[in-house]
1. Once whole DSSP H runs in the chain are found, which of them have Cα atoms spread over 30 Å or more along the helix axis and a mean Kyte-Doolittle score of at least -1.0?
2. Using alpha-carbon positions, what is the distance between the centroids of segment 98-167 and segment 26-92, in Å?
3. Amide H neighbours of Val130 under 5 Å, at least 5 residues apart or on other chains, H built in the peptide plane: list them.
4. Provide the packing ranking of 110-117, 89-96, i.e. peptides ordered by the mean count of other C-beta atoms within 10 Å per residue, highest first.
5. Can you give the local net charge around Val136? Use residues other than it whose beta-carbon is closer than 9 angstrom to its beta-carbon, Lys and Arg +1, Asp and Glu -1.
6. May I ask for the net charge around Thr11, where only other residues with Cβ less than 14 Å from the Cβ of Thr11 are counted and Lys, Arg are +1 while Asp, Glu are -1?
7. Rounded if a/c is under 1.5, else prolate if a/b beats b/c, else oblate: with a ≥ b ≥ c from the C-alpha gyration tensor eigenvalues square-rooted, which is the chain?
8. For a quick check: with amide H placed at 1.01 Å from N, whose amide H comes under 5 Å from Arg150's, ignoring anything fewer than 5 positions away on the same chain?
Amino acid sequence: MRRNRALVLDTSSIINGYPPEETLEKFTVPEVVEEAKATVTASSMGVLMERGEMRVWDASTGSVEQVEEKLGEIGGKLSTADVRLVALALDLAGRGLKPVLVTDDYGLQNMASVLNLEFKSVVTPGIKSVFSWRGVCPACGKNWDGDVERCPDCGTPLRKEVSRRPI
């Protein structure tokens, strides 16, 4: 792999033994460190941080907003930690690195694909399609993109439908 690549690790990738590509820089966000404190992951993460093999960086506000906006467009849901992890990958890309989001979380993989970020699974086969969700009103038949729960026209609770496209 080229030197300008970096691994962006989530909690699951550390638990599952992320690909041990020792020459690559590793990054995560403070929220992942916090998630890991209550698990066995904390010791693995602690070793990486003590050795200086993993950096903990905050994602920029602009990148967080970009991820949240795109997430709203596709009707997806991610935790705060996951949003910040994807945003960190965007920040690293903006610094000229080629981040690889290492995760077995299909929601994170989907968001990475939507934002044209590379991802790598550790244990699972990974996603084969990119998903987006839309609301369909069973009363008036209108479609609504994004995270809308009730029809803005008639107030009926929407039914979620998924659309997918191959990666």
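1. Numbers: long enough: none.
Once both thresholds are applied, nothing remains.
2. Computed from Cα coordinates, the inter-centre distance equals 20 Å.
3. Distant-sequence amide H within range of Val130: Arg165, Ile167.
4. Details: 110-117: 19.8, 89-96: 18.2.
Final packing ranking: 110-117, 89-96.
5. +3
6. Values: positive: Lys26, Lys37, Arg84; negative: Asp10, Glu31, Glu34, Glu35, Asp82, Asp104, Asp105.
Result for the neighbourhood of Thr11: -4.
7. Working: a/c = 2.27, a/b = 2.15, b/c = 1.06.
Taking the square roots of the gyration eigenvalues as a ≥ b ≥ c, the chain is prolate.
8. Leu158
Since every read-out is calculated from the coordinates, none of them should be taken as a lab result. All figures in this text were calculated on a predicted structure; none of them were measured in a lab. Counting neighbours? That spans all protein chains shown, and the Cβs are built from the backbone with ideal geometry, glycine included.
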